[in-house]
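Encoded as structure tokens, the structure appears first; notes follow it.
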Amino acid sequence: MIEYKDYAKFENLSELSEAIEIGLDIEFILYGERYNISWRDGEPFICRCPEGETNFYTDAKAMLDKHKINDKQLKELWNDMKVLSM
């Protein structure tokens, strides 16, 4: 397993939501797994890296409300995300 020593944190849920909405590519670690949030064909998606299933959503709010990791909505997990790049 790769250990990441340098990472950033979101200050609040709004910061994460805004980063998704403006189309930033967000790479982060959550519970020891690496994830990517990005956009393709006008829709945001999230996937586990390097080759996890890709889940598309209509917008940031839908992703934050509907996507679950370990049975928790993404909007509940923003404080646990270790952001590697944006």
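Here are some notes:
- Qualifying residue in the stretch 17-32 (condition: modelled with pLDDT under 95 and loosely packed, with under 14 Cβ neighbours inside 10 Å): yes
- Checked against the criteria, ASN36 counts as surrounded by 16 or more Cβ atoms within 10 Å (Cβ to Cβ) and within 19 Å of LYS72 (Cα to Cα).
- If you go through the stretch 55-85 and pick out every residue that is farther than 17 Å from LEU24 by Cβ and either among the polar types (S, T, N, Q) or part of a loop (DSSP other than H, G, I, E, B) (or both), you end up with 7.
- Annotation: of all residues in the stretch 58-78 being of a type outside the set (D, E, K, R) and more than 15 Å from GLU18 (Cα to Cα), the one that is surrounded by the fewest Cβ atoms within 10 Å (Cβ to Cβ) is ASN70.
- Subset tally (residues that are farther than 17 Å from LYS72 by Cα and crowded, with 17+ Cβ neighbours inside 10 Å) for the stretch 7-16: 1
- Residues being β-branched (Val, Ile, Thr) and closer than 17 Å to ALA19 by Cβ - total across the stretch 30-57: 2
- Selection count, the stretch 20-43, where residues are part of a strand (DSSP E or B) and under 10 Å from the mean Cα position of the chain (by Cα): 10
- Which numbered condition ALA19 misses (of (1) in contact with a helix residue (DSSP H, G or I) (Cβ under 8 Å, 6 or more places away or on another chain); (2) in contact (Cβ under 8 Å) with a residue 60 or more places away in the chain): (1)
- With respect to (1) assigned to a strand (DSSP E or B); (2) of a type in the set (Ser, Thr, Tyr); (3) in contact with a Lys or Arg (Cβ under 9 Å, 6 or more places away or on another chain), the lone exception for SER17 is condition (1).
- When the stretch 40-56 is filtered for residues that are over 17 Å from LEU84 (Cβ atoms) and either out of contact with any Phe, Trp or Tyr (no Cβ under 7 Å at 6 or more places or on another chain) or modelled with pLDDT under 95 (or both), the ones remaining, listed by number, are ARG40, ASP41, GLY42, GLU51, GLU53.
The values are calculated or read from the model by the stated rules, or taken from the named source; none is laboratory data. These numbers come from a predicted model, not from an experiment. Neighbour counts run over all protein chains shown; Cβ positions are idealised from the backbone, glycine included.
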